[in-house]
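J.: Structure below; questions to follow.
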């Protein structure tokens, strides 16, 4: 089975473009399954079901969604293998720009949208910089000049990735994205594989449920801003 | 042009020297959230000196920095040479089939300076047609069409290179997301194109846009304050001068605030292939050909005939009359007092 991780900021169009790509693959007889990670709730399950895609949702609740993802990704793979998919897509919650749920040797896709502005590519960490395919969405509603500057800025921070424009509404580019997804290598298992980048450290009193503000209550991995 | 090994040698140049050779190299550091190295320090030494904690915070790995730098410098070179070498003499679209599998029997070759109109209802396959061109389809899309550049199959690597993008789209519902003045906006675009004399290119584009727009605007006007017609005019001027894409797609130029005929002529003068989705009789008659879309395929290609063009004078006269009424309305006049209606 081929495995793909799809990440991107909230509302960048991850689900919309994934659905368009899957629809194109389904027409060619490819059996695709999806695992959707989210934090509090997700409506995307029904969106996928409507499309006739087998989908499993994982809600991280009060845990960091990306850490939750890593702890569960092997089980996702086993579920996909059991269901007999040709291709399994894991869609992340997309909450933190620093995180990258991308795995070495697994096709990594990042979805970002033109509407987020031309400075955004700079602000997104390994999720964008270390992805193999960058999908740019919402191109139909910004000017041609902004589109060109935006792809240039993506290219600046990810010079080797494949950039593709997909319209999540009309599906323009969805077929082509599907072709790229099919290039993913086979992933028989994940045990011992490495994440492409370490996830942000988070082990302070607030991770453990502290709510009070003040230096007396800060313990563990605490970092202070420099105001000098 | 710098070759790959030379790009690697750039790593050992002091920053002052590097910036003299490649002024845009500074963007590499800022795009990754790094500060510009001191003048006398080489890029390689700078990478070695960076604090591990800073790199962790920025989500960067030290060992990949040199590779990223080389790839970035290559990108700069490719962009510069891509603009110089984008010689497209023709694009050929070899027919595939429509949604029912009926063969489209045509080979359509378009050349710079030609105007092709696209007609047909929503959902008739116009978007798919553009996607085929953008993707440089090789019989591997749902329509089975094949795209040839200068008569031959394009190099597959061109599919995703931003400097070889075939289609620039000037869509009707486009917005400016950025809050910049016209001058800042065009400057930003010119910078991403590595243009040599940015101020004069920017000034030329703004002048051209003002020639096309009905109401004038200044370099200091915020782009978000431009009217629909002014935005269109600015994007047409900008695309004609700065975009490397040989094909410009326009969907319907609305009849307000812009000289439609001159707008199309501007793109033709800059040797663009103009694809225009329009049902406006005046614009349609400016086209050399019309592609008729039906059921996901091109059902006919109509050459604009002389007898069709003979109608142009009449349509323009009607258009002028309507335009006069519109102006009368704008000026607060009564329509019945407009002498042209008589």
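J.: Can you find even one residue in the range A:128-141 that is more than 9 Å from every other protein chain (Cβ to nearest Cβ) and over 30 Å from residue B:54 (Cβ atoms)?
T.: Among the residues of the range A:128-141, at least one is more than 9 Å from every other protein chain (Cβ to nearest Cβ) and over 30 Å from residue B:54 (Cβ atoms), which makes the answer yes.
Residues checked against (1) buried (at least 21 other Cβ atoms within 10 Å of the Cβ); (2) under 15 Å from the mean Cα position of the chain (by Cα); (3) within 20 Å of residue A:167 (Cα to Cα):
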{"position": "A:2", "(1), (2), (3)": "no, no, no"}
{"position": "A:12", "(1), (2), (3)": "yes, yes, yes"}
{"position": "A:50", "(1), (2), (3)": "no, no, yes"}
{"position": "A:56", "(1), (2), (3)": "no, no, no"}
{"position": "A:71", "(1), (2), (3)": "no, no, no"}
{"position": "A:81", "(1), (2), (3)": "no, no, no"}
{"position": "A:84", "(1), (2), (3)": "no, no, no"}
{"position": "A:103", "(1), (2), (3)": "no, yes, no"}
{"position": "A:111", "(1), (2), (3)": "yes, yes, yes"}
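J.: Now, a different point. Which residue out of B:273, B:258 is in the same structural domain as residue B:126 (by TED's automatic domain parsing), at pLDDT below 90 and crowded, with 21+ Cβ neighbours inside 10 Å?
T.: Working: B:273 fails: at pLDDT below 90.
Going through B:273, B:258 in turn, just one is in the same structural domain as residue B:126 (by TED's automatic domain parsing), at pLDDT below 90 and crowded, with 21+ Cβ neighbours inside 10 Å: B:258.
J.: Looking for whichever is out of contact with any helix residue (DSSP H, G or I) (no Cβ under 8 Å at 6 or more places or on another chain), modelled with pLDDT under 90 and part of a helix (DSSP H, G or I) here; the options are A:216, A:226. Which one fits?
T.: A:216
J.: Out of (1) in contact with a strand residue (DSSP E or B) (Cβ under 8 Å, 6 or more places away or on another chain); (2) modelled with pLDDT of 95 or more, what's the single condition that is false for residue B:232?
T.: With respect to (1) in contact with a strand residue (DSSP E or B) (Cβ under 8 Å, 6 or more places away or on another chain); (2) modelled with pLDDT of 95 or more, residue B:232 is out only on (2).
J.: Within the range B:171-191, can you find the residues that are more than 7 Å from chain A (Cβ to nearest Cβ), at pLDDT 85 or above and in contact with a strand residue (DSSP E or B) (Cβ under 8 Å, 6 or more places away or on another chain)?
T.: Residues satisfying the conditions are B:179, B:180, B:181, B:182.
J.: Same structure again: Return the total of residues in the range B:139-152 being within 12 Å of another protein chain (Cβ to nearest Cβ) and farther than 11 Å from residue B:94 by Cα.
T.: Adding up the residues that qualify gives 3.
J.: Something else now. Can you name the condition, by its number, that residue B:225 falls short on among (1) under 30 Å from residue B:136 (Cβ atoms); (2) away from chain A (no Cβ under 11 Å); (3) at pLDDT 90 or above?
T.: (1)
J.: Scan the range B:127-138 and tell me whether some residue there is at the interface with another protein chain (Cβ under 8 Å from one of its Cβ atoms), without any contact (Cβ under 8 Å) to a residue 60 or more places away in the chain and either part of a strand (DSSP E or B) or in contact with a helix residue (DSSP H, G or I) (Cβ under 6 Å, 6 or more places away or on another chain) (or both).
T.: Within the range B:127-138 (the criterion being at the interface with another protein chain (Cβ under 8 Å from one of its Cβ atoms), without any contact (Cβ under 8 Å) to a residue 60 or more places away in the chain and either part of a strand (DSSP E or B) or in contact with a helix residue (DSSP H, G or I) (Cβ under 6 Å, 6 or more places away or on another chain) (or both)), the answer is yes, since at least one residue qualifies.
J.: Since residue B:64 meets every condition but one in (1) in contact with a strand residue (DSSP E or B) (Cβ under 7 Å, 6 or more places away or on another chain); (2) not assigned by TED's automatic domain parsing to the domain that holds residue B:273, which condition does it not meet?
T.: Tallying (1) in contact with a strand residue (DSSP E or B) (Cβ under 7 Å, 6 or more places away or on another chain); (2) not assigned by TED's automatic domain parsing to the domain that holds residue B:273, residue B:64 fails exactly one: (1).
J.: In this structure, is residue B:81 part of a helix (DSSP H, G or I) and either out of contact with any strand residue (DSSP E or B) (no Cβ under 8 Å at 6 or more places or on another chain) or at pLDDT 90 or above (or both)? Give the derivation first.
T.: Numbers: part of a helix (DSSP H, G or I): yes; either out of contact with any strand residue (DSSP E or B) (no Cβ under 8 Å at 6 or more places or on another chain) or at pLDDT 90 or above (or both): yes.
It is true that residue B:81 is part of a helix (DSSP H, G or I) and either out of contact with any strand residue (DSSP E or B) (no Cβ under 8 Å at 6 or more places or on another chain) or at pLDDT 90 or above (or both).
J.: Hey, among the residues in the range A:147-187 that are in a loop (DSSP other than H, G, I, E, B), over 22 Å from residue B:131 (Cβ atoms) and touching a helix residue (DSSP H, G or I) at 6+ places or on another chain (Cβ under 9 Å), which one's farthest from the other protein chains (Cβ to nearest Cβ)?
T.: Result: A:187.
J.: Now for a different question. Given the residues A:93, A:100, which is the only one that is closer than 24 Å to residue A:196 by Cα, part of a loop (DSSP other than H, G, I, E, B) and in contact with a strand residue (DSSP E or B) (Cβ under 6 Å, 6 or more places away or on another chain)? Break it down stepwise before answering.
T.: Details: A:100 fails: in contact with a strand residue (DSSP E or B) (Cβ under 6 Å, 6 or more places away or on another chain).
None of the others qualify; the one that does is A:93.
J.: Residues being part of a loop (DSSP other than H, G, I, E, B), within 33 Å of the chain's Cα centre (by Cα) and either closer than 22 Å to residue A:160 by Cα or in contact (Cβ under 8 Å) with a residue 12 or more places away in the chain (or both): count how many of those fall in the range B:13-58. Spell out how you get there, then give the answer.
T.: Applying the first criterion (part of a loop (DSSP other than H, G, I, E, B)) to the range B:13-58 yields B:13, B:22, B:32-41, B:50-51.
Next, only the ones that are within 33 Å of the chain's Cα centre (by Cα) stay: B:22, B:32-36.
Narrowing further to those that are either closer than 22 Å to residue A:160 by Cα or in contact (Cβ under 8 Å) with a residue 12 or more places away in the chain (or both): B:22, B:32-34, B:36.
Total meeting the criteria: 5.
J.: Regarding the range A:188-208, can at least one residue be identified that is touching a strand residue (DSSP E or B) at 6+ places or on another chain (Cβ under 9 Å), closer than 26 Å to residue B:125 by Cβ and assigned to a loop (DSSP other than H, G, I, E, B)?
T.: no
The values are calculated or read from the model by the stated rules, or taken from the named source; none is laboratory data. Keep in mind that this is a model prediction, so the values were computed, not measured. As a convention, Cβ positions derive from the backbone with ideal geometry for all residues, glycine included, and neighbour counts pool all protein chains shown.
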